[in-house]
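The structure appears below as structure tokens.
The values are calculated or read from the model by the stated rules, or taken from the named source; none is laboratory data. Computed from a predicted structure; not experimentally measured. Every residue, glycine as well, gets a Cβ built from its backbone with ideal geometry; the counts of neighbours run over all protein chains shown. Areas reflect the complete protein model, heavy atoms only, side chains present, ligands, DNA and RNA absent. Shrake-Rupley method; radii C 1.70, N 1.55, O 1.52, S 1.80 Å.
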Amino acid sequence: MTSLYAHFPWCVKKCPYCDFNSHPLGGSLDNDRYIDALILDLNDQRAKHNVARFNTVFFGGGTPSLFDPADFERLLIAISCEGEVTMEANPGTTEHADFAAYARAGINRLSLGVQSFDAGMLQRLGRIHSARETEHAFAAARRGGFDNINLDIMYGLPEQSVDQALEDLRHAIALAPEHLSWYQLTIEPKTAFHSAPPPLPDETLIADMEEHGWMLLREAGYRRYEVSAWSQTGHECQHNLNYWRFGDYLGIGAGAHGKVGRQRTDKAKAPSRYLSAPLETNMRTLRDGDLRFEYLLNALRLVEGTSWNTFSERTGIPPLADEPIWKRGCELGLLRTDRVATTQMGYRHLDSVLTMFLGDG
Ligand SMILES: C[S@@+](CC[C@H](N)C(=O)[O-])C[C@H]1O[C@@H](n2cnc3c(N)ncnc32)[C@H](O)[C@@H]1O
Ligand code: SF4
């Protein structure tokens, strides 16, 4: 199974917490030039890695919704994918969006960057939309035929109370999306929030938000299948599941990463550089120790982990179940013997579990 990730590196404005490869769009967007570059990149990588078809496609950003349905139509004809095709959208860019046209172009899953429904918080996060615009975008997407929608919500926001965090979640649940990504805000290096850190809720408040938030989500019929990912039955994100299960994917576009077996690919991050050399791809090959740590870093994020068969199939390394470090994790009640998975207790202490494997192997 091979997936395709295509990166769209521009946003209307850079949010102060964001460390993704996103750049404020100064002037006008040259849609055709970027789509041409993506198609060249796609055809080149797909020939090199001998990929006939893709199982899932993800248009991420940045803000892909700055591009028109016709751009995606052209791109999707070149890609050809029968499976899940997701586009990320910022509700501040969809005021006049023709969602039905995005759907006709072949996009069948939408991921809306909502973050919060609280006006003051949205302003603090530097967002370019209001809660009303989010609601409009959601309703317009439904009218346009989207029956698989994800909402991104963040918690642990500057000076946020437990009630405020839960209110955001209730608001999101009331829209009844098929999928909810509930992320704890992290302060990343080289962001505006890193240079001027806002006051964040302490650990006790965060634990309270999580305990009550998880309960709300479960009561509303969502099932957690990854650290931050919750879905209604049958609506897990197939594209992200492929990442977490260590499947292969090609990455096209500025700053996109790809993985084929042991090989990792990276594209130039700066949009201008990428546009002038879309075929330039950096490649490196992972050694056993890195491969196995990367696998665990991904698979253990999944509530159910993966089988040992999948582990061996995708890394070429024999199962670790009999190795002292895995046995120790089992004795401590953190890891399972039968699968590449944590126990419930291990899942609650995932960071410590992963630290056990850092530098091992
Ligand atoms: C690449 S962004 C794409 C969405 C779109 N650009 C937008 O913001 O509307 C994906 C999601 O990552 C989450 N995110 C970004 N930076 C984060 C941070 N520092 N901490 C936690 N979540 C973050 C946000 O919820 C965001 O919607
Ligand atoms: S709109 Fe999304 S990708 Fe762009 S800066 Fe904000 S969080 Fe990052």
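A quick yes/no check of all residues on (1) away from ligand 1 (no atom under 13 Å from the Cβ); (2) assigned to a loop (DSSP other than H, G, I, E, B); (3) in contact with a Leu (Cβ under 7 Å, 6 or more places away or on another chain):
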{"residue": "186", "(1), (2), (3)": "no, yes, no"}
{"residue": "190", "(1), (2), (3)": "no, yes, no"}
{"residue": "205", "(1), (2), (3)": "yes, no, no"}
{"residue": "211", "(1), (2), (3)": "yes, no, no"}
{"residue": "241", "(1), (2), (3)": "yes, no, no"}
{"residue": "250", "(1), (2), (3)": "yes, no, yes"}
{"residue": "259", "(1), (2), (3)": "yes, no, no"}
### Query
Among (1) closer than 25 Å to residue 126 by Cα; (2) more than 11 Å from ligand 1 (Cβ to nearest atom); (3) of a type in the set (D, E, K, R); (4) crowded, with 19+ Cβ neighbours inside 10 Å, where does residue 88 come up short?
(2)
### Message
All but one of (1) outside any loop (DSSP other than H, G, I, E, B); (2) more than 20 Å from the chain's Cα centre (by Cα) hold for residue 88; state the number of the condition that does not hold.
### Response
(2)
#### Entry: Residue selected from the stretch 50-64 under the condition under 16 Å from the mean Cα position of the chain (by Cα) and of a type in the set (Gly, Ala, Ser), by the criterion surrounded by the fewest Cβ atoms within 10 Å (Cβ to Cβ)
60
### Message
Looking at the structure I just gave you, is residue 284 part of a strand (DSSP E or B) and surrounded by fewer than 17 Cβ atoms within 10 Å (Cβ to Cβ)?
### Response
yes
### Query
Just one of the numbered conditions (1) within 23 Å of the chain's Cα centre (by Cα); (2) crowded, with 19+ Cβ neighbours inside 10 Å; (3) closer than 24 Å to residue 261 by Cα is not true of residue 357; which one?
(1)
### Query
Restricting the search to the stretch 22-49, which residues are open to solvent by 20 Å² or more (accessible area, probe 1.4 Å), within 16 Å of ligand 1 (Cβ to nearest atom) and in contact (Cβ under 8 Å) with a residue 40 or more places away in the chain?
23, 25
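For every residue, the table says whether it meets (1) open to solvent by 40 Å² or more (accessible area, probe 1.4 Å); (2) over 18 Å from the mean Cα position of the chain (by Cα).
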| position | (1), (2) |
| --- | --- |
| 202 | yes, yes |
| 217 | no, yes |
| 228 | no, no |
| 232 | yes, no |
| 242 | no, no |
| 289 | no, yes |
